[in-house]
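These notes concern the structure reproduced below.
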Amino acid sequence: MTSRLRRFLSFSSVPLLLSCGAAAVPDSAAPVSQAQELATGTPAGNGVVLFLNDYATTLAVLDTEVPLNLQAAQALTDWREGPDGVLHTADDRRFVSIEQVDAVPYVGPAALAALEAYARGTGRVELPVDGWVGTFQGVTFNVAEARRALAVANTQGAGALQATYGMSPAAANAVVAARPFFHILKLGRLPGVDGLSLQNLKTATQQAAEGDPCTGATTCQPGLFCEGIPNDASSPYGRCVSGASIPGDGASCSLFVPCQAGLTCHGLASGATEGWCRPAWMEGEFTVWADVALQGNTTPVVSGQAVVGLATVPEDITVELDLAHNNPSKLVLTLEDPGGETALLWDGPNEGTPPKRIPVTRGIPRDGTINGLWKLHIVNPSGTGNGRLREWTLKLNSRWD
């Protein structure tokens, strides 16, 4: 993850639901379809499969560290070993989907949830800096918070852990004895480290670096300010950014004449041959791993994504789609910004099959709200065909209003 906000998960800041909208644009009464976290191809799904296919994932790890029910742990191990019951032989099997994992005997919702929690806590799941890693002894950590906590746990002596970071003597000594820590799960489950010790450590390391999530001005390091907290409560986070001027800000640029370091060229994504340089933090990319079913009927579907950490209004807006459908030319796609302004992305009945990349050059004004909940509406007026919206990405450039 970088300060340019690449690849944000929809479930990092929006409550999880799996539902369909009840109306096309406008849809003020329609619930929003959110990401299915543990699905094949999602970051959480990839993390679980990666973990289960690792030869270091033994029966003991599954049974005592995850931990799973012994029957589920044994069944997963047996499946991976293949018919001969021995690892490292020709008939070994590897998981390629969450559906395969779910089909193993004794593996159900509880086992899948435990596997996902372990994969998250050990860093096997690709997450944004404000992505939820886990809750340990009642204390929740996102990626940036976990990084800051581990940096202290790995470097500070027992005396400093007590005096500066509020740990008890027992907790401080336990941390020093157990390091190095390469993931928050080990620290969060360490005997002798209780919820108060974790909360004190989290509080003492709350000041965020540039590009990290923030919840207010005091949560950024000196010289930084907290920008882009949505007003619609779709996310509690903004991003810590620097207000220092960058040489070349506002200069012209093109495909052949790039901006200086720390700047990006705006305007090109909308089709211009000449653009203008803006600070790199004003550009963001937000991905929704939706995995939403598009049924063979006329029921509209809405998938939402919270945008955070940008300036105040949009410049370039681009949507990228991963859409599998057996009659895609029947689909009508609409994008809605946080202020309720809409743009017709694609009119399948009149324009044919939607492309994978759609620059938004109509409908949404360039003086509207950018931080907040964006919605992708999909409707099939004919009700013909079915498929899935697997993921979609919203690429945005912003500026000050």
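Contact order normalised by length for the chain, with contacts defined as Cα pairs under 8 Å and 6 or more residues apart; what percent is it? The value is 18 percent.
Here the chain is assigned +1 on the Cβ of each Lys and Arg and -1 on the Cβ of each Asp and Glu. Its dipole about the Cα centre then comes out at about 520 debye. Using the rule -39500 (n - 2.57) for each DSSP H run of four or more residues, divided by the residues of the chain, the 222 nm mean residue ellipticity is -6500 deg cm²/dmol. Expressed as a fraction of 2.2 N^0.38 Å, the value expected for a compact globular protein of N residues, the C-alpha radius of gyration of the range 316-401 is 1.11. Once both labels are positioned 7 Å from their Cα atoms along Cα-to-Cβ, the gap between residue 293 and residue 56 label points is 3.9 nm. With a ≥ b ≥ c the root eigenvalues of the C-alpha gyration tensor of the range 151-207, is it rounded (a/c under 1.5), prolate (a/b larger than b/c) or oblate? Here the range 151-207 falls in the rounded category.
Reported value for the range 140-268: 156 Å³ per residue, from the convex hull of its C-alpha atoms. Projecting the Cα atoms of 253, 214, 193 onto the charge dipole of the chain, computed from C-beta unit charges around the Cα centre, puts 193 farthest toward the positive end.
Candidates 335, 364, 349 compared by Cα position along the dipole of the range 322-390: farthest toward the positive end lies 349, with charges placed on Cβ.
Ignoring solvent entirely, what values of log10 I(q)/I(0) come out of the Debye formula for the range 267-320 at 0.14, 0.23, 0.24, 0.27 Å⁻¹ when each Cα is a single scatterer? Those come out to -0.57, -1.02, -1.07, -1.22, one per q. Expressed in units of 2.2 N^0.38 Å, where N is the residue count, the Cα radius of gyration of the range 254-401 is 1.09.
Placing unit charges on the Cβ atoms of the charged side chains and taking the dipole of the chain about its Cα centre, the candidate lying farthest along the positive direction among 57, 112, 305 is 57. Here the accessible area of the chain is 55 percent carbon and sulfur, with a 1.4 angstrom probe and all protein chains present.
Please give the contour-minus-distance gain from residue 353 to residue 154: 0.36 nm per residue of separation, less the Cα-Cα distance, rounded to one decimal in nm.
Numbers: separation 199, 0.36 × 199 = 71.64 nm, distance 5.31 nm.
Taking 0.36 nm per residue and subtracting the Cα distance, the gain is 66.3 nm.
Of all lysines in the structure, those lying under 20 Å Cα to Cα from residue 202, and not within fewer than 8 positions of it along the same chain, are 186.
The shape of the range 235-311 comes out oblate: with a ≥ b ≥ c from the C-alpha gyration tensor, a/c is at least 1.5 while a/b does not beat b/c.
Among the chymotrypsin sites (Phe, Trp or Tyr not before Pro) found in the range 211-270, those both in a DSSP coil and sparsely packed, with 13 or fewer other Cβ atoms within 10 Å of their Cβ, are 256.
Taken over the chain, the alpha-carbon convex hull comes to 170 cubic angstrom per residue. When ligands, DNA and RNA are left out and all protein chains stay put, how many square angstrom of accessible area per residue does the chain have with a 1.4 Å probe? On a per-residue basis, the chain sits at 43 Å².
The values are calculated or read from the model by the stated rules, or taken from the named source; none is laboratory data. No experiment lies behind these values; they were computed from the predicted model shown. Every residue, glycine as well, gets a Cβ built from its backbone with ideal geometry; the counts of neighbours run over all protein chains shown. For the accessible areas, the whole protein counts, side chains as well, though only heavy atoms, and no ligand, DNA or RNA atoms are used. Shrake-Rupley method; radii C 1.70, N 1.55, O 1.52, S 1.80 Å.
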